[in-house]
Amino acid sequence: MPRKSVDTVPSHPELYRAEVLRSVRLSPNLHRVTITGDALADFPWRGFDHWFRLFLRLPHQDDFQLPDLSGTGWWKHYRLIPKARRPHCSNYTVAEFRAEQREMDIDFVVHRGPDGQLEGAAAIWAVSARPGEPLALLDQGILFDKPADASEVLIVADESGLPAVGGILRSLPRDTVGRVVQEVPTTLDRRDFDGPPGVEVSWIVRDGSAVVAGAMALQALQSVTAVDPTAYAFVVGESALATSGRRHLHRLGLPKDRITFSGFWKH
Ligand SMILES: Cc1cc2nc3c(=O)[nH]c(=O)nc-3n(C[C@H](O)[C@H](O)[C@H](O)COP(=O)(O)OP(=O)(O)OC[C@H]3O[C@@H](n4cnc5c(N)ncnc54)[C@H](O)[C@@H]3O)c2cc1C
């Protein structure tokens, strides 16, 4: 199958240090942190769903201590940092990138536990991040891997995949056709996507219903009864959405190498 020609994954991932510029609530469940730093001028932004490992200072840590990790063996060195000093690491997507200003936006899902308390070290960090707070990111490239001959795209995500979907739509050639199913917690978490006119966007809003994030998007995907075997699908979000979504598409006849799926988090 013809694959697209651009490299999607860095062969030697590099670390970029930066600091928080501002932190603002975008919508009820999405919080944007804008970061800045001279190193970002060299960040090789590839558009689409470009993602990275984000290293953060935890509340009990007095300062941010991270050695100069890089390359594919970074994890081994990261794990050698004594636990008390080791920065937190989680995966995030470039929501917007402005190379000239050396700025990057990162959109965090603000998720809560059963009693309404904030959960997740990264989301907790994001909502209280102050200007000047140091951080680092390790470039991981892009997951989206549409073959050059794909007839159409089918993109399905919960809110953790919203920044990825926005970036993919912005980066796709304008003559791309297909469909996006994007699930969000509330109507106010919807946003305007700047995508090809031939890609139809359907929003699914949970609106207080107690179902796990991703379950309604999965249901919508499972109601699809036919798919062109030369299409390309990208399914990301809660682990069940990603794995069951892929299984459904494969059963409909879409070859596995035409489906990118990723469990962005696990319920
Ligand atoms: C390639 C990639 C790109 C990603 N991009 C983004 C992004 O741009 N924005 C974004 O918000 N997330 C994104 N994610 C998902 C994010 O990495 C996870 O949500 C991760 O768990 C957050 O890190 P944490 O350390 O705060 O949470 P953890 O400490 O791992 O999780 C703490 C608790 O929060 C729960 N939890 C975690 N995420 C969610 C969620 N989204 N909704 C409800 N409960 C949750 C977990 O089940 C757990 O109980 C991405 C994941 C991947 C793999």
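The values are calculated or read from the model by the stated rules, or taken from the named source; none is laboratory data. Treat the numbers as computed from the prediction; the structure is a model and nothing was measured. Every residue, glycine as well, gets a Cβ built from its backbone with ideal geometry; the counts of neighbours run over all protein chains shown.
Name the strands (runs of 3 or more DSSP E) wholly within segment 92-210 that hold at least 1 residues that are over 21 Å from Leu40 (Cα atoms) and under 14 Å from the mean Cα position of the chain (by Cα)? Outline the logic, then answer.
Values: elements: 96-98, 103-109, 134-141, 153-157, 178-184, 199-205.
It comes to 103-109, 153-157, 178-184.
How about segment 147-177: which of its residues are surrounded by 24 or more Cβ atoms within 10 Å (Cβ to Cβ) and more than 11 Å from the ligand (Cβ to nearest atom)?
Leu154, Ile155, Val156, Ile168 - these are the residues of segment 147-177 that are surrounded by 24 or more Cβ atoms within 10 Å (Cβ to Cβ) and more than 11 Å from the ligand (Cβ to nearest atom).
Residues checked against (1) within 13 Å of the ligand (Cβ to nearest atom); (2) at pLDDT 95 or above; (3) closer than 17 Å to Leu162 by Cβ:
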site	(1), (2), (3)
Ala95	yes, yes, yes
Phe108	yes, yes, yes
His111	yes, no, yes
Ala121	yes, yes, no
Trp125	yes, yes, no
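Which ranges mark the strands (runs of 3 or more DSSP E) fully within segment 12-91 that have 3 or more residues being among the charged types (D, E, K, R) and closer than 25 Å to Ser160 by Cβ? Reasoning before the result, please.
Details: elements: 15-27, 30-36, 51-56.
Ranges flagged: 15-27.
Let me confirm something: among Pro44, Pro28, Pro59, Pro67, which residue is touching a Leu at 6+ places or on another chain (Cβ under 7 Å) and either modelled with pLDDT of 95 or more or over 30 Å from Val156 (Cα atoms) (or both)? I'd like the intermediate steps shown before the answer.
Details: Pro44 fails: touching a Leu at 6+ places or on another chain (Cβ under 7 Å); Pro59 fails: touching a Leu at 6+ places or on another chain (Cβ under 7 Å); Pro67 fails: touching a Leu at 6+ places or on another chain (Cβ under 7 Å).
Going through Pro44, Pro28, Pro59, Pro67 in turn, the sole match is Pro28.
Considering each residue of segment 218-242, count those that are more than 16 Å from the ligand (Cβ to nearest atom), among the β-branched types (Val, Ile, Thr) and either surrounded by 15 or more Cβ atoms within 10 Å (Cβ to Cβ) or touching a residue at least 40 places away in the same chain (Cβ under 8 Å) (or both), and give that number.
Number of matching residues: 3.
Go through (1) modelled with pLDDT of 95 or more; (2) of a type in the set (A, V, I, L, M); (3) over 18 Å from Asp49 (Cα atoms) for Val211 and report which single condition fails.
It fails just one condition, (1).
What residue, of Pro255, Pro196, is at pLDDT 95 or above, of a type outside the set (Gly, Ala, Ser) and exposed (fewer than 15 other Cβ atoms within 10 Å of the Cβ)? Outline the logic, then answer.
Values: Pro196 fails: exposed (fewer than 15 other Cβ atoms within 10 Å of the Cβ).
From the options Pro255, Pro196, the qualifying one is Pro255.
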